[in-house]
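Scroll down for the structure; my scribbles are underneath it.
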Amino acid sequence: MIGFDWLMLAEVSFAGLGSGGLYALAGLAFVLIYKATRVVNLAIGEMLMMGAYFFFAATSSMGWPIWIGIIAAVIGSGILGAVIERLLIRPMLGEAPISVFMITVGLSSILVGTVELIWGADQLRLPDFMPSDTVLIGEAMVSPKIFYGFLAAVALIACVLLVFRFWRGGVALRATASDQAAAYSMGIDVPRVFSLTWVVAAMVAAIGGIIVGSISSLSPTMGVFGLSVLVVVIVGGLDSVPGALVGGLLVGLVESWTGTYFGGEFKLLATFSLLVLILMVRPYGLFGTHEIERL
Amino acid sequence: MRIGSARETYSQDEALFDSHTKRVWLCVLGTGLVLFPFFAGQYWLYLACLVAINVASATGLNILTGYTGQVSLGQAAFMGVGAYAVAVLEKQLGTPVLLNLLCAGGAAMLVGLVVGIPSLRVKGLYLAIATIAASFILHFIFANWTRVTGGTAGLTVPPATIFGLALDTEFRLYWLIMPFTVLMLAGAANLFRTRIGRAFIAIRDRDISAEVLGIPLLRYKLLSFGLSSFYAGVAGGLWAYFFRSVTPESFPLLMSIFFLAAIIVGGMGSILGGILGAVFMTLVPEVLKLMVGWLPNASEAMVFLAPVRTIVFGALIVGFLIFEPHGLAEIWRRIRRFFHLWPFRS
């Protein structure tokens with residue numbers, strides 16, 4: 001192809017991978033919850049949003065420094081995760097998956113309403129805390145926020161994966177995910193693992209929310225991000241951590257390409273077409289477990 | 001079962017309204033619905049029409065989700081298809097109202113059949129998410145197929161005319177909307193006394209067992225999708241005549257969630273549940289508005305109305321799922337039971 005702007009393609013791809021890293025992070029939070037508790041959490045976008053608003057409250061309203069703000073937001077979200085698990089998810093143990101799914105739909109509505117009630121429906125700006133000098137990869141320019149956001153997301157994902165590989169609680173979580181009854185009989189406190197999962201996932205989502213919020217802006221409609229996350233985890237496979245990572249990068253790339261070459265309104269169309277395509281070809285996602293039903 | 005209603009023949013046992021009391025109350029309700037527009041003000045007529053449209057659409061979703069067990073979050077988008085079909089037919093061809101509404105149902109049905117195709121391969125929540133995808137793709141078509149749908153600006157719909165009479169007030173529209181809703185409710189209630197309806201229920205309870213029993217899954221799942229979206233399409237057509245303007249933003253994902261919430265709150269897998277749920281969920285925001293109006297500093301409190309509505313909407317879904325999973329229909333049954341057995345307790 002003559003005259004094709006390869007540099008632009010590279011820049012667009014880097015931007016896509018950058019936002020893909022955030023999708024992967026949010027997808028990881030989703031998959032954690034799904035793996036351990038089999039709950040499809042439609043409120044994942046709203047959990048990101050809550051983290052970002054906690055951060056906003058700590059830094060802009062209370063005037064705390066950035067680092068304390070981040071820690072406060074993570075702790076606040078963790079508590080919120082525990083409360084959600086205890087009040088809403090625990091009573092639904094053993095109910096039909098669709099009921100639990102609808103609980104999270106109701107939850108997202110409650111969270112959006114609460115945020116609007118406290119902070120109003122207008123857009124807010126998070127304080128800048130990332131370096132603002134342009135980053136060059138080769139010749140391609142990458143927006144600093146996306147670049148450092150991506151780095152932070154990758155670091156956090158690595159942390160979470162290491163923790164779940166080596167920490168006792170992480171091992172307990174993986175044991176619960178692979179066989180609940182067996183985990184019970186080995187002395188693992190399964191209900192506590194459930195709480196723990198929600199706490200950790202809410203914390204991961206909070207950091208994701210802070211990064212997403214500082215790249216764009218903060219508003220109660222941020223939960224729409226959750227819809228793309230849903231595509232990410234379906235593409236990757238609901239119960240697969242590597243799936244969430246690959247799916248995240250893939251969806252980020254697809255969104256960025258279509259957004260640039262076709263126009264912004266094609267973004268959602270492209271991601272959801274990808275979703276339909278994957279569902280038709282591999283209903284359990286790229287890396288998900290193919291469950292066999294028995295009567 | 002009520003005391004003193006022994007059934008002697010099979011036809012009595014199969015009857016939709018099996019007791020004398022039920023038929024009497026039904027007549028009272030029917031008379032009430034006929035007399036209502038002559039006594040109600042414009043605001044209440046407006047609400048009645050809106051409630052009737054929502055009841056029709058929620059009943060459609062109940063066929064698919066409550067009776068067949070296929071969770072769908074695309075009901076609003078199917079309504080959109082119906083609304084656009086009515087708008088285009090009315091504007092460009094000027095065909096009669098009844099034909100337009102049937103075509104709206106048919107168009108939505110065709111789209112529903114296409115969306116239903118993945119239902120054999122994917123189930124449960126995967127299907128729910130596939131229908132979310134379908135509704136976004138439909139939204140994209142509404143917004144970008146400018147030649148037919150008028151793009152983001154949408155279409156304005158001329159008032160429906162029957163025998164030269166323009167249905168341009170709530171009072172007149174009531175006589176179009178309410179009979180359609182009643183007819184569709186009767187259809188749905190009767191559906192579950194037929195082979196098809198029973199097959200739907202079997203699929204809901206366990207699809208593999210249903211297939212073993214000789215129910216072709218694909219055909220019946222598609223049929224359920226088709227019927228459900230037919231209901232949505234007709235409801236959407238009525239919606240178009242009622243609001244007289246159709247834009248892509250008229251049918252957001254939130255509206256699909258609203259219908260799913262309505263049948264959960266009302267009671268899944270029960271015609272009465274669909275009715276009660278749709279009535280309840282449509283009226284709650286209005287009641288909230290009324291209540292805020294009573295507050296001493298009402299104009300200041302109005303700012304909080306929108307977020308409080310959102311919270312109440314979510315809290316209703318969560319509350320019903322946790323405390324009353326069978327919904328309003330179950331509460332209704334308990335109340336009736338109390339009166340049947342009175343003065344004894346259950």
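The conditions of being among the aliphatic types (A, V, I, L, M) and in contact (Cβ under 8 Å) with a residue 60 or more places away in the chain are met by B:A48.
On inspection, A:L126 qualifies as more than 14 Å from chain B (Cβ to nearest Cβ), at pLDDT below 90 and either crowded, with 16+ Cβ neighbours inside 10 Å or over 30 Å from A:L162 (Cβ atoms) (or both).
Here's the yes/no breakdown for (1) free of Cβ contacts under 8 Å to residues at least 24 places away in the same chain; (2) among the small types (G, A, S); (3) under 22 Å from A:E46 (Cβ atoms); (4) in contact with a Gly (Cβ under 7 Å, 6 or more places away or on another chain):
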| position | (1), (2), (3), (4) |
| --- | --- |
| A:A155 | yes, yes, no, no |
| A:L162 | yes, no, no, no |
| A:L173 | no, no, no, no |
| A:D179 | yes, no, no, no |
| A:D189 | yes, no, no, no |
| A:W198 | no, no, yes, yes |
| A:A201 | no, yes, yes, yes |
| A:A206 | no, yes, yes, yes |
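For A:A29, state whether it is crowded, with 24+ Cβ neighbours inside 10 Å and either farther than 24 Å from A:S240 by Cα or in contact with a Pro (Cβ under 9 Å, 6 or more places away or on another chain) (or both). For A:A29, the condition - crowded, with 24+ Cβ neighbours inside 10 Å and either farther than 24 Å from A:S240 by Cα or in contact with a Pro (Cβ under 9 Å, 6 or more places away or on another chain) (or both) - is not met.
Identify all residues within the stretch B:323-346 that are surrounded by fewer than 17 Cβ atoms within 10 Å (Cβ to Cβ), within 12 Å of chain A (Cβ to nearest Cβ) and assigned to a helix (DSSP H, G or I); write none if there are none. If the condition is that a residue be surrounded by fewer than 17 Cβ atoms within 10 Å (Cβ to Cβ), within 12 Å of chain A (Cβ to nearest Cβ) and assigned to a helix (DSSP H, G or I), then B:F323 is the only one that fits.
In this structure, does A:Y34 turn out to be more than 30 Å from B:D205 (Cβ to Cβ), within 14 Å of chain B (Cβ to nearest Cβ) and surrounded by 15 or more Cβ atoms within 10 Å (Cβ to Cβ)? Here the answer is no, as A:Y34 does not meet what is asked.
Among the candidates A:A152, A:A206, A:A201, the residue that is in contact with a helix residue (DSSP H, G or I) (Cβ under 7 Å, 6 or more places away or on another chain) and over 22 Å from A:G18 (Cβ atoms) is uniquely A:A201.
For (1) exposed (fewer than 13 other Cβ atoms within 10 Å of the Cβ); (2) at pLDDT 85 or above; (3) part of a loop (DSSP other than H, G, I, E, B), each residue gets a yes or a no:
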site	(1), (2), (3)
A:A121	no, no, yes
A:M141	no, no, no
A:K145	no, no, no
A:V163	no, yes, no
A:G170	no, yes, no
A:L173	no, yes, no
A:A183	no, yes, no
A:R192	yes, yes, no
A:M203	no, yes, no
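Just so you know, in the stretch B:159-174 the residues that are in contact (Cβ under 8 Å) with a residue 60 or more places away in the chain and surrounded by 14 or more Cβ atoms within 10 Å (Cβ to Cβ) include one that is nearest to B:T31 (Cα to Cα), and it is B:Y174.
Filtering the stretch B:6-29 to residues that are in contact (Cβ under 8 Å) with a residue 40 or more places away in the chain and not aliphatic (A, V, I, L, M) leaves only B:E14. Within the stretch B:295-346, being farther than 23 Å from A:P91 by Cβ, under 21 Å from the mean Cα position of the chain (by Cα) and without any contact (Cβ under 8 Å) to a residue 60 or more places away in the chain holds for one residue alone: B:R309.
Quick grid of which residues meet (1) assigned to a loop (DSSP other than H, G, I, E, B); (2) farther than 24 Å from A:K145 by Cα:
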{"site": "A:A26", "(1), (2)": "no, no"}
{"site": "A:K35", "(1), (2)": "no, yes"}
{"site": "A:E95", "(1), (2)": "yes, yes"}
{"site": "A:I110", "(1), (2)": "no, yes"}
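List, please: which pairs have Cβ atoms under 6 Å, are six or more places apart or on different chains, and start with a residue in the stretch B:282-294 that is surrounded by 13 or more Cβ atoms within 10 Å (Cβ to Cβ) and end with one that is charged (D, E, K, R) and assigned to a helix (DSSP H, G or I)? From the stretch B:282-294, the pairs are B:P285/B:R309; B:L288/B:R309. Scanning the stretch B:158-180 for residues that are within 24 Å of B:T247 (Cβ to Cβ) and either among the polar types (S, T, N, Q) or part of a loop (DSSP other than H, G, I, E, B) (or both) returns B:P158, B:P159, B:T161, B:D168, B:T169. Helices (runs of 4 or more DSSP H) fully within the stretch B:96-157 that include at least 2 residues being within 22 Å of the chain's Cα centre (by Cα): B:97-116, B:124-144.
Would you confirm whether or not the stretch A:68-85 contains a residue that is at pLDDT below 95, assigned to a helix (DSSP H, G or I) and more than 30 Å from A:P127 (Cβ to Cβ)? Yes, there is a match, as at least one residue in the stretch A:68-85 is at pLDDT below 95, assigned to a helix (DSSP H, G or I) and more than 30 Å from A:P127 (Cβ to Cβ).
Within the stretch B:204-263, the set of residues being within 12 Å of another protein chain (Cβ to nearest Cβ) and not in a helix (DSSP H, G or I) comprises B:R206, B:L213, B:P252. Scanning the stretch A:63-89 for residues that are surrounded by 15 or more Cβ atoms within 10 Å (Cβ to Cβ) and within 14 Å of another protein chain (Cβ to nearest Cβ) yields A:I84, A:E85, A:L88, A:I89.
One line per residue, one yes/no per condition, for (1) closer than 15 Å to B:S224 by Cα; (2) not aliphatic (A, V, I, L, M):
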position	(1), (2)
B:G112	yes, yes
B:L125	no, no
B:H139	no, yes
B:G151	no, yes
B:P159	no, yes
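Let's see how each residue does on (1) within 10 Å of chain B (Cβ to nearest Cβ); (2) in contact with a His (Cβ under 8 Å, 6 or more places away or on another chain); (3) of a type in the set (A, V, I, L, M):
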{"site": "A:A244", "(1), (2), (3)": "no, no, yes"}
{"site": "A:V251", "(1), (2), (3)": "no, no, yes"}
{"site": "A:V254", "(1), (2), (3)": "no, no, yes"}
{"site": "A:W257", "(1), (2), (3)": "no, no, no"}
{"site": "A:S273", "(1), (2), (3)": "yes, no, no"}
{"site": "A:P283", "(1), (2), (3)": "yes, no, no"}
{"site": "A:H290", "(1), (2), (3)": "no, no, no"}
{"site": "A:L295", "(1), (2), (3)": "yes, no, yes"}
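The set of residues in the stretch B:120-142 being more than 7 Å from every other protein chain (Cβ to nearest Cβ) and among the aromatic types (F, W, Y) consists of B:F142 alone. Can you confirm whether B:F280 is of a type in the set (A, V, I, L, M, F, W, C) and away from chain A (no Cβ under 14 Å)? In short, yes. Out of the residues in the stretch B:6-20 that are in a loop (DSSP other than H, G, I, E, B) and hydroxyl-bearing (S, T, Y), state the one that is modelled with the lowest pLDDT. Of everything passing the filter in the stretch B:6-20, B:S19 is modelled with the lowest pLDDT. In this entry, B:I208 is excluded by the filter for residues that are buried (at least 20 other Cβ atoms within 10 Å of the Cβ), of a type in the set (V, I, T) and closer than 30 Å to A:L230 by Cα.
The values are calculated or read from the model by the stated rules, or taken from the named source; none is laboratory data. The model shown is predicted, which means the values in this text are computed figures rather than measured ones. For neighbour counting, all protein chains shown are included, and Cβ atoms are generated from backbone atoms with ideal geometry for every residue, glycine included.
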